[in-house]
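Step one of this worksheet: look at the structure below.
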Amino acid sequence: MLVTHQQTVQEKVIHYFEGAGMDYGYWDPAFNMHFGYFRRGINPFSRAALLEQMNREVLRRLELHRCGEPLVLDLGCGLGAVSRSMALTEKRARFLGFTITPWQVSFGNELTKEEGLEDRVHLYESDFARLPLPGESADAVFAVESACYARGADKRDLVEELYRVLRPGGRFVLADGFRRHSRPLPRWLDKIYRRNMDCWALQELADIDRLVAALHECGFSHIQVEDVSWRVAPSFAHIPFVTLRFLFDIWRKGQLRNLDRERINNALAPALGMIMGLSRRHFGYYLVSGKK
Ligand SMILES: C[S@@+](CC[C@H](N)C(=O)[O-])C[C@H]1O[C@@H](n2cnc3c(N)ncnc32)[C@H](O)[C@@H]1O
């Protein structure tokens with residue numbers, strides 16, 4: 001019964017990412033499918049710079065300089081933009097990306113080839129909670145805005161798989177939106193949250209305390225939880241402009257009337273996400289890292 005439910009959930013995710021896939025190009029032509037990170041010296045009006053900085057922040061926390069030729073796993077890799085960006089900086093590292101969306105594997109591997117990175121970056125089709133890898137085979141693992149797709153409020157299946165595939169001493173980083181608590185939300189916000197989940201084919205965001213408890217219970221150490229909501233906020237401010245440009249383009253092409261549900265949802269979800277982002281008591285964006 002659980003397997004059937006999980007299959008339906010994953011089919012919905014695949015359907016969403018196949019339907020809305022190319023529209024992520026409006027957010028970023030390099031297909032970084034996540035929010036950006038602001039720090040001093042970065043132009044907050046340059047979305048590309050903010051997105052790239054998020055990749056750098058995740059990379060820095062993986063501490064790859066401690067490894068010789070590290071094998072790094074990118075869980076829920078999308079089209080592999082984060083891995084490609086990291087591979088350009090970390091020339092000794094190899095990256096394996098995993099996504100359940102078959103189209104992302106084929107198109108992402110094509111993009112990788114175009115950048116000449118195919119020797120060090122490869123994407124595979126797999127559920128990140130059941131990776132086709134032996135235990136203790138990875139030096140580092142990260143998941144950027146994909147852990148939210150794992151099951152439950154503590155994302156335990158994913159946390160256990162992280163622990164299994166990491167070698168002792170290996171590090172992980174998760175970058176994602178989280179609930180700050182599991183108490184009931186105000187009714188108006190609960191409606192927005194549920195609609196947002198539906199638009200992005202999500203079941204529920206992780207509860208930060210429950211996720212951290214699961215990390216401890218699995219045996220991770222040096223767990224660091226950083227609330228970076230304000231760092232991410234400048235990239236949220238890009239949402240209305242990107243949405244308007246998308247709608248204008250679709251209207252110009254005469255596609256506005258018969259737009260697929262997935263594409264409408266992909267345009268609507270970030271706007272709802274913005275409202276959730278403003279509800280700081282209930283939601284936050286975190287970087288969570290640690291060591292096996
Ligand atoms: C919002 S995208 C983020 C993509 C990428 N990390 C990035 O930042 O550009 C979420 C990704 O998670 C993947 N995903 C969702 N559920 C998954 C699962 N159970 N196993 C593997 N990948 C999954 C989706 O296919 C998609 O590629």
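The values are calculated or read from the model by the stated rules, or taken from the named source; none is laboratory data. This one's a predicted model, so the numbers in the text were calculated from it and none came from an experiment. Cβ: placed from backbone, ideal geometry, glycine included. Neighbour counts: every protein chain shown. Just the protein is used for accessible areas: all its heavy atoms, side chains included, with ligands, DNA and RNA removed. Shrake-Rupley method; radii C 1.70, N 1.55, O 1.52, S 1.80 Å.
If a residue must be open to solvent by less than 20 Å² (accessible area, probe 1.4 Å) and not polar (S, T, N, Q), how many such residues does region 32-58 contain? Residues in region 32-58 being open to solvent by less than 20 Å² (accessible area, probe 1.4 Å) and not polar (S, T, N, Q): 8 in total.
Based on what the data block shows, is Arg281 more than 24 Å from Ile14 (Cα to Cα), assigned to a loop (DSSP other than H, G, I, E, B) and basic (Lys, Arg)? Taking the combined requirement at face value, the residue satisfies it.
Restricting region 62-85 to residues that are part of a helix (DSSP H, G or I) and more than 15 Å from the chain's Cα centre (by Cα), which is surrounded by the most Cβ atoms within 10 Å (Cβ to Cβ)? Reasoning before the result, please.
In the first step, residues of region 62-85 are kept if they are part of a helix (DSSP H, G or I); the result is 62, 64-66, 81-85.
Then keep just the ones that are more than 15 Å from the chain's Cα centre (by Cα); that gives 62, 64-66.
Details: Leu62: 23, Leu64: 20, His65: 9, Arg66: 12.
This residue is Leu62.
Just wondering, is there one or more residues in region 168-181 that are open to solvent by 40 Å² or more (accessible area, probe 1.4 Å) and at pLDDT 90 or above? Even if it seems obvious, please write down each step before you answer.
From region 168-181, those open to solvent by 40 Å² or more (accessible area, probe 1.4 Å) are 168, 180; that's our starting set.
Then drop every residue that is not at pLDDT 90 or above, which leaves 168, 180.
Looking through region 168-181, at least one residue is open to solvent by 40 Å² or more (accessible area, probe 1.4 Å) and at pLDDT 90 or above.
Name the pairs whose Cβ atoms lie under 7 Å apart, with the first residue in region 97-123 and part of a helix (DSSP H, G or I), the second surrounded by fewer than 17 Cβ atoms within 10 Å (Cβ to Cβ), and 6 or more positions between them or separate chains? Listed by first residue and then by second, the contacts come to Pro102/Glu125; Trp103/Glu18; Val105/Tyr124; Val105/Glu125; Thr112/Glu118.
Just one of (1) closer than 30 Å to Glu217 by Cβ; (2) in contact with a strand residue (DSSP E or B) (Cβ under 7 Å, 6 or more places away or on another chain); (3) more than 10 Å from the ligand (Cβ to nearest atom); (4) of a type outside the set (S, T, N, Q) fails for His122. It is (1).
Listed here are the residues, each with its yes/no results for (1) under 16 Å from the mean Cα position of the chain (by Cα); (2) closer than 12 Å to Phe220 by Cβ; (3) not in a loop (DSSP other than H, G, I, E, B).
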position	(1), (2), (3)
Leu158	yes, no, yes
Tyr163	no, yes, yes
Phe178	yes, no, yes
His181	no, no, no
Asp190	no, no, yes
Tyr193	no, no, yes
Met197	yes, no, yes
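A Cβ distance below 6 Å, combined with a sequence gap of six or more or placement on separate chains, defines the contacts here; from region 143-156, residues that are closer than 24 Å to Ser83 by Cβ and among the hydrophobic types (A, V, I, L, M, F, W, C) reach residues that are open to solvent by 40 Å² or more (accessible area, probe 1.4 Å) and more than 7 Å from the ligand (Cβ to nearest atom) in the pairs Ala150/Asp157.
Taken together, the residues in region 12-31 that are assigned to a helix (DSSP H, G or I), open to solvent by 30 Å² or more (accessible area, probe 1.4 Å), among the hydrophobic types (A, V, I, L, M, F, W, C) and more than 8 Å from the ligand (Cβ to nearest atom) amount to 2.
Yes/no matrix, rows are residues, columns are (1) open to solvent by 70 Å² or more (accessible area, probe 1.4 Å); (2) at pLDDT below 85; (3) part of a helix (DSSP H, G or I); (4) of a type in the set (D, E, K, R):
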{"site": "Arg210", "(1), (2), (3), (4)": "yes, no, yes, yes"}
{"site": "Ala213", "(1), (2), (3), (4)": "no, no, yes, no"}
{"site": "Glu217", "(1), (2), (3), (4)": "yes, no, yes, yes"}
{"site": "Glu226", "(1), (2), (3), (4)": "no, no, no, yes"}
{"site": "Val232", "(1), (2), (3), (4)": "no, no, yes, no"}
{"site": "Phe241", "(1), (2), (3), (4)": "yes, no, yes, no"}
{"site": "Leu256", "(1), (2), (3), (4)": "yes, yes, no, no"}
{"site": "Leu259", "(1), (2), (3), (4)": "no, yes, no, no"}
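Give the residues of region 49-82 that are within 22 Å of Glu125 (Cα to Cα) and more than 9 Å from the ligand (Cβ to nearest atom), sorted by residue number. The answer is Pro70, Leu71, Val72, Leu73.
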